[in-house]
Each structure stands twice: as C-alpha cells, then as structure tokens.
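The values are calculated or read from the model by the stated rules, or taken from the named source; none is laboratory data. These numbers were taken from a predicted model, which means no experiment stands behind them. Glycine also receives a Cβ, built like all others from the backbone with ideal geometry; neighbour counts cover every protein chain displayed. Note: areas computed on protein heavy atoms with side chains; ligands, DNA, RNA excluded. Shrake-Rupley method; radii C 1.70, N 1.55, O 1.52, S 1.80 Å.
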Amino acid sequence: FVQFEESWTDMKGAIERLVQEKSGAIQDMKEFDQQTEEILASANKIETWLDELEKDTPKTTTVELENINELFNLKSKFHALKESCEQMTVKFRELNETGGETLLQGDDLIHNKRDSSFGDLVKQLTKLNARWNEVTAQVYARTAELEHLSAQYGELKTLLVSEAGYLDKLDKLLRKSPENAADAEEISEELDVS
C-alpha cells in the first residue's frame, strides 16, 4: 500500500507538472498570437501606405515634360514622396525587427509550421518586404533621375548665359568698329581679353 501511495503521489506530481507546462505553453501561444495580430495590423497599415504612395507617384515621364516649370514641379513632388519614404522607413524597419523576433519566438513555440498565425505572419512580412522594395525603389529612382535632369538643365542654362554674354560682347565690338575695318583677329583678341 505504501508503494502504491508513493507511485500515486509521483504520478499525481507528474500530471500537475504536465498541466503547468501545458498551461505555460498555452499562455505563451496566446502571447504569440497577440503579438502576431499586432504585427499583422501594423503590416496592413504600411501596406495601405504603400498603396497610397504608389497611387500618389506621378506617372509622367521626362519625355512628357513640356517646360522647366513642369520639371521643377515634378521634382518637388518626388522630393516630398522621398521624404515620406524616409520617414516611413523607421516604422518599416521596426516592424521587420519585431516581426523577425516574433517569428523566432514562434519557431521555438511551434514545431508544426502549419500553424495559421505563424504562416500568416511569414507570408505577410515576405509580401510586405517585396512590396516595400518595389514601390519605394521607384520613388528613389525617379527622384534621382529628376535631380540629374535638373542639374543638366542648370548646366545648360549656365552655358547659354555664358554664350549670350559672349555674343553681346561680339555685337558691341562689331558695332564699335567700322564695317570695313572690322578685323576678325582684332575682335577675337578683344573678346579673349574681356
């Protein structure tokens, strides 16, 4: 009877430990599911922001620009979009970091990868990362393209101003000299001096 009582006590203790372990695992799973829901909600917000960013990104090509004002307006719009991307990048990185940590925690908790919360989180983060790279890369590329085009316009404008100054000097020299005495060499020397 004593031996039976000891066995019963041992079995009862083992069952209690098993119940505690299961309760702990259930609590861990509840926390994991709650974290997963929060991350999925944040991911959905960023996904919505990306949809808006894509919608707000002008589709105008540089070939379609008709004047310099359109170039500067488009460049300004892309600078605003780029700043918006830079601000959202902080939230995106935080989400990725939190998501990665949660996935590692979930991997330890869940040996069966078919768990829907775990699978949903993996899919959502993978989709979000691909979408983020696709949409923001377009904004950064177009911003760089427009900045380059604007710089080229600035160089052209400087060159045209320089050429206009040169032509004004030439015009003054030609008017100053009598027509028959206008010597090309003299004019060239005077232009080089001034």
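Here are the numbers:
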| read-out | value |
| --- | --- |
| Test item: Cα-centred dipole of segment 58-155, Lys/Arg +1 and Asp/Glu -1 on Cβ, debye | 280 |
| Probe 1.4 Å, protein heavy atoms only - accessible area per residue of the chain in square angstrom | 72 |
| Inter-site label distance for E64 and T89 at 7 Å from Cα along Cβ, in nm | 2.7 |
| Rounded accessible area of K45 (nearest 10 Å², 1.4 Å probe) | 150 |
| Exposure ranking of R17, R93, R175 by accessible area [1.4 Å probe, largest first] | R175, R93, R17 |
| Inter-label distance for K176 and E37, nm, one decimal - labels placed 7 Å from Cα along Cα-to-Cβ | 8.6 |
| Gaussian network model of the chain, Cα within-10 Å springs - most flexible of N129, N96, N73 | N73 |
| Within a Gaussian network of the chain (alpha carbon springs, distance under 10 Å), most fluctuating of T102, T61, T126 | T61 |
| 29 Å Cα-Cα reach of K45 towards lysines, excluding residues that sit fewer than 8 places from it in its own chain | K30, K55, K59, K75, K77, K82, K91, K113, K123, K127 |
| Surface accessible to a 1.4 Å probe, S42 within the full protein complex, Å² | 50 |
| Net charge of neighbours whose Cβ lies under 11 Å from the Cβ of H79, counting Lys and Arg as +1 and Asp and Glu as -1 | +1 |
| Cα-based Rg / Dmax (Å) for segment 16-142 | 20.7, 80 |
| For K91, net neighbour charge (Lys/Arg +1, Asp/Glu -1) across residues whose Cβ lies under 15 Å away | -4 |
| CD proxy at 222 nm, helix term only [per DSSP H run n ≥ 4: -39500 (n - 2.57); per residue of the chain; nearest 500] | -32000 deg cm²/dmol |
| Ranking by accessible area, most exposed first, for E54, E189 with a 1.4 Å probe | E189, E54 |
| Fully extended contour minus Cα-Cα distance, from M29 to V2, at 0.36 nm per residue | 5.7 nm |
| Sequence of W132, W8 from largest to smallest accessible area, 1.4 Å probe | W8, W132 |
| Full-extension gain in nm, A130 to L18, via 0.36 nm per residue minus C-alpha separation | 36.1 nm |
| Radius 14 Å from Cβ of I39, net charge of other residues (Lys, Arg +1; Asp, Glu -1) | -4 |
| Residue of M11, M88, M29 that the Gaussian network model of the chain assigns the largest fluctuation, springs spanning Cα pairs under 10 Å | M11 |
| Accessible area of D51 in the full protein assembly, 1.4 Å probe (Å², nearest 10) | 70 |
